[in-house]
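Report on one structure; see the data block that follows.
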């Protein structure tokens, strides 16, 4: 893997350079008490000494609301106006390795026989720059789903690790897109020495030590396969209130809805985020709803992430970022649910 | 790999309604062709596939293409008025433009059925998705052995495709049994009176060299399955089509996901043994 | 043993007793979670389940939401006991006032509360939060000792809420802004709305079986998360709570995008009090202002 060093000033210059080059440049920005990924107009807006953005960066490939076409109509005729599916070059800075893992997990779904060009055209135009974690909390469990708070190769094009001098980032370029980014601004990236590589290694170890939550998911999928009906579901998820906070912050939740917004003369159809935990997700027009009670809806969330998606696409639909647990209004901690499942699986019940 | 090039898979093509038939007080059939003639020539689909139909300004809904692909002049879908889109459809008249995406989903293995007896069992608004198979078998009549159709509705009024029933009933190479729920009959009703599963049991069809296509309301399916089980039918030879709520039709939006399948892409046609492997509560 | 350990023990003992005697089918309370600084709602169906119950300043969730529509698993139980702080009791009173619950079926385990931790406050759960760590609503609390209960746990205390000026400081500031500045203020906040509906789902008084946002014939609120749809949602929700909101602050706490929803709710709360002398959640027999006609009501707006 190509490795380099970039110092803090040069990182600012890189952001500046991309902005000048006309790229949509996104970074964590402080908004009230939170950090959110937002387009920045200057490097000064970007905040890299932070924990985790409140919303995952999936919105840069899959916006919450996206017009998919518009139309005008007269009595007997309709004209469809396609939307522009060419997207601007975008570079997103400051993801954590768990965030960077999201897109690679979802590619399989969006490419399954039919390619969602909204996703892939954006994907092609977007580069992700991740950073080794400096903070973690007890909702974090990335290392239990095969990731790591310092992993360079979870999906980012460049990965930065702040070395212990607090001034220089060790740069890894796991993808061609990342290498291109380096070659586009050659003067900003300096060669990395062996001692830099060693310093990066120890910074990585320090980051790994931040993860206190360790789950054993080895038997979870198997248990889920034979326990669609189990007392656990109601016991653990009866308290779920059925909002979309977990899904909408999740880097891997991909369910969506179509909604038309129209007047008699015309309108637009939007593709909007949706969530299996919301009560009308599976409500038929006839009034029939197979998932007619909340714990069945929450069960779908767990089943989809930790069984169905693995069976279908070979990947766990979770990066262990912990956003769903942290933001749940009633503290429905996904790690607690998985711990309970793992315990049941281990005890054979 | 992908079958759509750089196309927007969520953008419909325009179709025109060329005829509308009121089947029952709340069920309508729409005959349609693409607005662009080239599309009509290029269009092909398999028996049992579905489409996403747009009423512009209202939304999009999922309906089966309920004619056989052997019928080339136009295509059909049929719907009952239950929600926003179907309510708007009830007001759509011939000449108006709708949107169509498809054909999507899997199909009935009509080639595998060749040389076998076919038993079609359906109730209420579920005759249209069965009818595409019936029509196909009739169009290729010599490929199939006996054709038996059992169709029931709550009342005589609720029977759809009355004109087709008349046609099928008059054919010597089709055995048609129609029934209405007790109390749903009229003085001149000549068919059976009773629930579909009860009539099925009375008919006592042979399982020998027979495939079953069974589509109807969940309760009808459930009890009919018990009857077919009693009669010794193999669930692997019973086919049905699931009607989960769908949005995208192409396996992305997650809405129709049940167990390990995305009904829109892995289905909607399943054998009953495949259905039994899914979490029943979620269907 | 700390004060909170004693309260927790009393709750456990009472809950276990109520369940053992068959007086209730379920007790709704709080239990610990692995996440520091948090607790979670819990349901005890058997006496032994009650062993998990705790009460401390991390018990921020309002439990009365489980008494209504949203939670048929719980609310369908015939006899329910619920652990309730003073603010939670206000919601129970409001639900009683709106005929959503039958008070005689519910046993309220009132808990004297000295305040819970704020969304960004720090608290170990063993002692009271420092004043700066208190939740905003607790600074103005006048119901530290619940106004209605079947059992009371903890020593009764007098409330000493901060002044109204302080409570409405930010609202007064926003009211003085020009309409354009006010618009900009709300636009900035609402543009973050992700339409997750946590505000509504967590609200005990948002109990409609079918929310207006789900109604499609006609479509009242654009479901998409854009400026128009977000504005419509947040304003209509605030209006539906006008004169009803008890100020529990659960919507603002639950909002993953930190939209200051309580500014809207409190503004309407003040209007309701000034215009009609009505404060929701205080008396189950007060006439509801928006459901009552009085000849002397201001009808200036009818033209």
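The values are calculated or read from the model by the stated rules, or taken from the named source; none is laboratory data. Values in this document were obtained by computation on a predicted structure and should not be read as measured data. Neighbour counts are summed over all protein chains in view; Cβ atoms, including those assigned to glycine, are modelled from backbone coordinates with ideal geometry.
Kindly provide the set of residues from segment B:29-40 that are in contact with a strand residue (DSSP E or B) (Cβ under 9 Å, 6 or more places away or on another chain) and surrounded by fewer than 22 Cβ atoms within 10 Å (Cβ to Cβ), ordered by number.
The answer is B:29, B:31, B:33, B:34, B:35, B:36, B:39, B:40.
When you scan segment C:275-284, do you find a residue that is surrounded by fewer than 13 Cβ atoms within 10 Å (Cβ to Cβ), touching a helix residue (DSSP H, G or I) at 6+ places or on another chain (Cβ under 9 Å) and either modelled with pLDDT of 85 or more or not in a helix (DSSP H, G or I) (or both), even just one? Step through it out loud before you land on a result.
Pass one, segment C:275-284, residues surrounded by fewer than 13 Cβ atoms within 10 Å (Cβ to Cβ): C:275, C:277.
Among the residues that remain, those that are also touching a helix residue (DSSP H, G or I) at 6+ places or on another chain (Cβ under 9 Å) are: C:275, C:277.
Still in the running and either modelled with pLDDT of 85 or more or not in a helix (DSSP H, G or I) (or both): C:275, C:277.
Within segment C:275-284 (the criterion being surrounded by fewer than 13 Cβ atoms within 10 Å (Cβ to Cβ), touching a helix residue (DSSP H, G or I) at 6+ places or on another chain (Cβ under 9 Å) and either modelled with pLDDT of 85 or more or not in a helix (DSSP H, G or I) (or both)), the answer is yes, since at least one residue qualifies.
How about segment B:6-19: which of its residues are assigned to a strand (DSSP E or B) and surrounded by 18 or more Cβ atoms within 10 Å (Cβ to Cβ)?
So in segment B:6-19, the residues assigned to a strand (DSSP E or B) come out as B:13-19.
Residues satisfying the conditions are B:14, B:15, B:16, B:17.
Within segment A:262-276, how many residues turn out to be more than 8 Å from chain B (Cβ to nearest Cβ) and under 25 Å from the mean Cα position of the chain (by Cα)?
Of the residues in that region, 4 qualify.
Got at least one residue in segment B:107-121 being within 14 Å of chain A (Cβ to nearest Cβ), in contact with a strand residue (DSSP E or B) (Cβ under 8 Å, 6 or more places away or on another chain) and at pLDDT 95 or above? Even if it seems obvious, please write down each step before you answer.
Step one: of segment B:107-121, the residues within 14 Å of chain A (Cβ to nearest Cβ) are none.
Checked against the condition, which is being within 14 Å of chain A (Cβ to nearest Cβ), in contact with a strand residue (DSSP E or B) (Cβ under 8 Å, 6 or more places away or on another chain) and at pLDDT 95 or above, segment B:107-121 yields no hits at all.
Yes/no matrix, rows are residues, columns are (1) within 14 Å of another protein chain (Cβ to nearest Cβ); (2) part of a helix (DSSP H, G or I); (3) surrounded by fewer than 14 Cβ atoms within 10 Å (Cβ to Cβ):
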position	(1), (2), (3)
C:259	yes, no, no
C:266	no, yes, no
C:269	no, yes, no
C:272	no, yes, no
C:294	no, no, yes
C:302	no, no, yes
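Hey, does segment B:44-51 have a residue that's without any contact (Cβ under 8 Å) to a residue 24 or more places away in the chain and in contact with a strand residue (DSSP E or B) (Cβ under 9 Å, 6 or more places away or on another chain)?
Of all residues in segment B:44-51, those without any contact (Cβ under 8 Å) to a residue 24 or more places away in the chain come to none.
No, the conditions are met nowhere in segment B:44-51.
Mind checking which residues of segment A:236-261 are away from chain B (no Cβ under 11 Å) and without any contact (Cβ under 8 Å) to a residue 40 or more places away in the chain?
Within segment A:236-261, A:244 is the sole residue that qualifies.
Consider residue A:71 carefully, then state whether it is part of a strand (DSSP E or B) and within 13 Å of another protein chain (Cβ to nearest Cβ).
Details: part of a strand (DSSP E or B): yes; within 13 Å of another protein chain (Cβ to nearest Cβ): yes.
Against the criterion (part of a strand (DSSP E or B) and within 13 Å of another protein chain (Cβ to nearest Cβ)), residue A:71 qualifies.
Mind listing whichever residues of segment A:110-137 are more than 8 Å from every other protein chain (Cβ to nearest Cβ) and not in a helix (DSSP H, G or I)?
A:126, A:127, A:128, A:129, A:130, A:131, A:132, A:133, A:134, A:135, A:136
Quick one: in segment C:53-74, of everything that is more than 11 Å from chain A (Cβ to nearest Cβ) and over 23 Å from residue C:247 (Cβ atoms), which residue is surrounded by the most Cβ atoms within 10 Å (Cβ to Cβ)?
Filtering first and then ranking leaves C:53.
State all residues of segment A:212-221 that are farther than 16 Å from residue A:336 by Cβ and within 22 Å of the chain's Cα centre (by Cα); if no residue qualifies, say none.
Within segment A:212-221, A:221 is the sole residue that qualifies.
Quick test for you: out of C:225, C:254, pick the one residue that is within 12 Å of another protein chain (Cβ to nearest Cβ) and touching a helix residue (DSSP H, G or I) at 6+ places or on another chain (Cβ under 6 Å). So that I can check it myself, show each step before the final result.
On the way: C:225 fails: touching a helix residue (DSSP H, G or I) at 6+ places or on another chain (Cβ under 6 Å).
Only one candidate passes the filter, namely C:254.
Are any residues in segment A:277-326 modelled with pLDDT of 95 or more, outside any helix (DSSP H, G or I) and facing chain B (nearest Cβ under 8 Å), and if so, which ones?
Scanning segment A:277-326 gives no hits.
Whether any residue in segment A:17-38 is in a helix (DSSP H, G or I) and crowded, with 21+ Cβ neighbours inside 10 Å is what I want to check.
Within segment A:17-38, the subset in a helix (DSSP H, G or I) is A:17-20.
Adding the requirement that they be crowded, with 21+ Cβ neighbours inside 10 Å leaves A:18.
Scanning segment A:17-38 turns up at least one residue that is in a helix (DSSP H, G or I) and crowded, with 21+ Cβ neighbours inside 10 Å.
Return yes or no: is residue C:194 within 10 Å of another protein chain (Cβ to nearest Cβ) and in contact (Cβ under 8 Å) with a residue 24 or more places away in the chain? So that I can check it myself, show each step before the final result.
Numbers: within 10 Å of another protein chain (Cβ to nearest Cβ): yes; in contact (Cβ under 8 Å) with a residue 24 or more places away in the chain: yes.
Yes: the conditions hold for residue C:194.
Kindly provide the set of residues from segment C:1-52 that are free of Cβ contacts under 8 Å to residues at least 60 places away in the same chain, within 14 Å of chain A (Cβ to nearest Cβ) and not in a strand (DSSP E or B), ordered by number.
C:25, C:33, C:34, C:35, C:36, C:38, C:45, C:46, C:48, C:49, C:52
Among the candidates A:107, A:150, single out the residue that is in a helix (DSSP H, G or I) and modelled with pLDDT of 95 or more. Walk me through how you get there before you give the answer.
Numbers: A:150 fails: in a helix (DSSP H, G or I).
Exactly one of A:107, A:150 is in a helix (DSSP H, G or I) and modelled with pLDDT of 95 or more, namely A:107.
Criterion first (in contact (Cβ under 8 Å) with a residue 60 or more places away in the chain, under 15 Å from the mean Cα position of the chain (by Cα) and surrounded by fewer than 21 Cβ atoms within 10 Å (Cβ to Cβ)) does residue B:62 satisfy it? Let's see the steps before the verdict.
Details: in contact (Cβ under 8 Å) with a residue 60 or more places away in the chain: yes; under 15 Å from the mean Cα position of the chain (by Cα): yes; surrounded by fewer than 21 Cβ atoms within 10 Å (Cβ to Cβ): no.
No: the conditions fail for residue B:62.
Being in a loop (DSSP other than H, G, I, E, B) and touching a helix residue (DSSP H, G or I) at 6+ places or on another chain (Cβ under 8 Å) is the filter here, so list the residues in segment A:49-68 that pass it. If you could, list the steps in order and put the result at the bottom.
Of segment A:49-68, the ones in a loop (DSSP other than H, G, I, E, B) are A:49-56, A:61-64.
Selection gives A:52, A:53, A:54, A:55, A:56, A:61, A:62, A:64.
Among A:70, A:42, which is the only one that is more than 22 Å from the chain's Cα centre (by Cα) and over 23 Å from residue A:181 (Cα atoms)?
Details: A:42 fails: over 23 Å from residue A:181 (Cα atoms).
Being more than 22 Å from the chain's Cα centre (by Cα) and over 23 Å from residue A:181 (Cα atoms) holds for just one of A:70, A:42, which is A:70.
Yes/no per residue for (1) buried (at least 24 other Cβ atoms within 10 Å of the Cβ); (2) more than 24 Å from residue B:253 (Cβ to Cβ):
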site: A:63; (1), (2): no, no
site: A:68; (1), (2): no, no
site: A:73; (1), (2): no, yes
site: A:76; (1), (2): no, yes
site: A:84; (1), (2): no, no
site: A:87; (1), (2): no, no
site: A:91; (1), (2): yes, yes
site: A:97; (1), (2): yes, yes
site: A:102; (1), (2): yes, no
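How many residues are part of a helix (DSSP H, G or I) and free of Cβ contacts under 8 Å to residues at least 24 places away in the same chain if we restrict to segment C:53-74? Don't jump to the end; show me each part of the working.
To start, the set of residues in segment C:53-74 that are part of a helix (DSSP H, G or I) comprises C:63-67, C:72-74.
Next cut, free of Cβ contacts under 8 Å to residues at least 24 places away in the same chain only: C:72-73.
Summing the residues that are part of a helix (DSSP H, G or I) and free of Cβ contacts under 8 Å to residues at least 24 places away in the same chain in segment C:53-74 gives 2.
For every residue, the table says whether it meets (1) outside the structural domain of residue B:79 (by TED's automatic domain parsing); (2) in contact (Cβ under 8 Å) with a residue 12 or more places away in the chain; (3) under 30 Å from residue A:108 (Cα atoms).
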residue: B:224; (1), (2), (3): yes, yes, no
residue: B:234; (1), (2), (3): yes, yes, no
residue: B:246; (1), (2), (3): yes, yes, yes
residue: B:258; (1), (2), (3): yes, yes, yes
residue: B:268; (1), (2), (3): yes, yes, yes
residue: B:272; (1), (2), (3): yes, yes, yes
residue: B:277; (1), (2), (3): yes, yes, yes
residue: B:280; (1), (2), (3): yes, no, yes
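Residue-by-condition table, conditions (1) surrounded by fewer than 14 Cβ atoms within 10 Å (Cβ to Cβ); (2) out of contact with any strand residue (DSSP E or B) (no Cβ under 9 Å at 6 or more places or on another chain); (3) on the phi > 0 side of the Ramachandran plot:
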| residue | (1), (2), (3) |
| --- | --- |
| C:115 | no, no, yes |
| C:119 | no, yes, no |
| C:122 | yes, yes, no |
| C:128 | no, no, no |
| C:144 | no, yes, no |
| C:179 | yes, yes, no |
| C:182 | yes, yes, no |
| C:185 | no, yes, no |
